[in-house]
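The values are calculated or read from the model by the stated rules, or taken from the named source; none is laboratory data. Keep in mind the model is a prediction, meaning the values are calculated, not measured. Here the Cβ positions follow ideal geometry from the backbone for every residue, glycine too, while neighbour counts run over all protein chains shown. Remember, those area values only see protein heavy atoms, side chains included, never the ligands or the DNA or RNA. Shrake-Rupley method; radii C 1.70, N 1.55, O 1.52, S 1.80 Å.
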Amino acid sequence: MPPRRRVTTEPPRIAAVVLTDLTDAPADELGAGADLDGLAFDDVQVPTLMLSSAVVRECRFRGVVAREADWRSARVHDTTFDRLDVPVVRASRSQWRDVRVEGSRLGSVEAYETSWRSVHLVGCKLGYLNLRGAELLDVALTDCVVEELDLGQADVRRVRLDGTRVATLDVQGATLQHLDLRGADLEELRGLEGLRGATVTPAQLSLLAPLLAGAWGIKVED
């Protein structure tokens, strides 16, 4: 029997979000500083999905369409977002814990200096996901498409990209522990020095070789 390979990359620990006995709520419940608990917002169309400085607990947002969303400094716990269509999302300095976002189309997402713990994005399409300076613990992106993922200066622990295409990944100045990129399709990488703590496949490493050689001034000639 061949020896078992030692697994050194820890997977994210994602808690399932189970919501029961939700109360249907109208759009006028949404607003800056709102305190939302156990509510369901289904098939809502608003100019701005306003939740700045709000506290959101055990809520469901499904089929919500808005021109923009303001979630700055919000605290979102045990909540699901399903089929959101929002071109501009402002969510800086917000706190997300036990959150699932599924089947959503989000354009520019400004989520710098946020705290994400046990957050799962599934089947989402995102333009620019700015997580610069964020604290990410137990985060997964599954079957997503991201045009640009900015992890510059971020503290990243137990994060996995699975079946996810990222056109540009920026890890300049990031601190990485158990960042699993083996299920990612990467096209461009910025900040090679910030990759310490990431896990890639042998095939991905061969694709990174020209970038590594250029960054370190290595000539490759026949």
**Prompt:** So which residues in the stretch 82-106 are under 19 Å from Gly33 (Cα atoms), part of a loop (DSSP other than H, G, I, E, B) and open to solvent by 40 Å² or more (accessible area, probe 1.4 Å), if there are any at all?
**Reply:** Arg93
**Request:** Could you grab me the full set of residues in the stretch 107-134 that are among the aliphatic types (A, V, I, L, M), assigned to a strand (DSSP E or B) and in contact with an Asp or Glu (Cβ under 8 Å, 6 or more places away or on another chain)?
**Result:** Val119, Leu121, Val122, Leu126, Leu129
**Asked** Here is a list of conditions, (1) of a type in the set (S, T, N, Q); (2) modelled with pLDDT of 95 or more; (3) over 25 Å from Val17 (Cβ atoms); (4) in contact with a Leu (Cβ under 7 Å, 6 or more places away or on another chain), and Thr199 meets all of them except one; can you say which number that is?
**Response** (2)
**Message:** So for the stretch 65-81 (the condition being within 20 Å of Asp162 (Cβ to Cβ) and part of a strand (DSSP E or B)), does at least one residue qualify?
**Reply:** yes
**Message:** Looking at the stretch 76-98, I want the residues that are at positive phi and have a partner that is open to solvent by less than 30 Å² (accessible area, probe 1.4 Å) and in a loop (DSSP other than H, G, I, E, B) with Cβ atoms under 6 Å, at least 6 apart or on another chain. Which pairs are those?
**Reply:** Arg83/Gly63
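Condition check ((1) in contact (Cβ under 8 Å) with a residue 12 or more places away in the chain; (2) open to solvent by 30 Å² or more (accessible area, probe 1.4 Å); (3) closer than 22 Å to Arg93 by Cβ) across all residues:
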| position | (1), (2), (3) |
| --- | --- |
| Val122 | yes, no, no |
| Leu126 | yes, no, yes |
| Leu136 | yes, no, yes |
| Val145 | yes, yes, no |
| Leu149 | yes, no, yes |
| Arg160 | yes, yes, no |
| Thr164 | yes, no, no |
**Prompt:** For the stretch 166-174, does any single residue satisfy the condition of being out of contact with any helix residue (DSSP H, G or I) (no Cβ under 7 Å at 6 or more places or on another chain) and open to solvent by 60 Å² or more (accessible area, probe 1.4 Å)?
**Reply:** no
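What are the residues in the stretch 7-22 that are more than 30 Å from Arg182 (Cα to Cα) and open to solvent by less than 80 Å² (accessible area, probe 1.4 Å), if any? Don't jump to the end; show me each part of the working.
Just the residues of the stretch 7-22 that are more than 30 Å from Arg182 (Cα to Cα), to begin with: 19-22.
Once the filter is applied, which keeps residues that are more than 30 Å from Arg182 (Cα to Cα) and open to solvent by less than 80 Å² (accessible area, probe 1.4 Å), the stretch 7-22 yields Leu19, Leu22.
Among the residues of the stretch 147-188, how many are within 22 Å of Ala203 (Cα to Cα), among the hydrophobic types (A, V, I, L, M, F, W, C) and either within 14 Å of the chain's Cα centre (by Cα) or not in a strand (DSSP E or B) (or both)? Spell out how you get there, then give the answer.
Step one: of the stretch 147-188, the residues within 22 Å of Ala203 (Cα to Cα) are 147-149, 158-171, 176-188.
From the residues that got through so far, the ones that are among the hydrophobic types (A, V, I, L, M, F, W, C) too are 149, 159, 161, 166-167, 169, 171, 176, 179, 181, 184, 186.
The next check asks that each one be either within 14 Å of the chain's Cα centre (by Cα) or not in a strand (DSSP E or B) (or both); those that pass are 149, 159, 161, 166, 169, 171, 179, 181, 184.
Total satisfying the criteria: 9.
Got a number for residues in the stretch 178-196 being in contact with a Ser or Thr (Cβ under 6 Å, 6 or more places away or on another chain) and either open to solvent by less than 50 Å² (accessible area, probe 1.4 Å) or modelled with pLDDT of 90 or more (or both)? Show your work before the answer.
Initial filter on the stretch 178-196 (in contact with a Ser or Thr (Cβ under 6 Å, 6 or more places away or on another chain)): 178, 180, 182, 184, 188.
Then keep just the ones that are either open to solvent by less than 50 Å² (accessible area, probe 1.4 Å) or modelled with pLDDT of 90 or more (or both); that gives 178, 180, 182, 184.
Residues meeting the conditions: 4.
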**Message:** Between a residue in the stretch 25-51 that is within 15 Å of Ser73 (Cβ to Cβ) and open to solvent by less than 20 Å² (accessible area, probe 1.4 Å) and any residue that is of a type in the set (Lys, Arg) and assigned to a loop (DSSP other than H, G, I, E, B), which pairs come within a Cβ distance under 8 Å, given they are 6 or more apart or on different chains?
**Reply:** none
**Asked** So, of the residues in the stretch 58-72 that are over 19 Å from the mean Cα position of the chain (by Cα) and of a type in the set (D, E, K, R), which turns out to be surrounded by the most Cβ atoms within 10 Å (Cβ to Cβ)?
**Response** Glu58
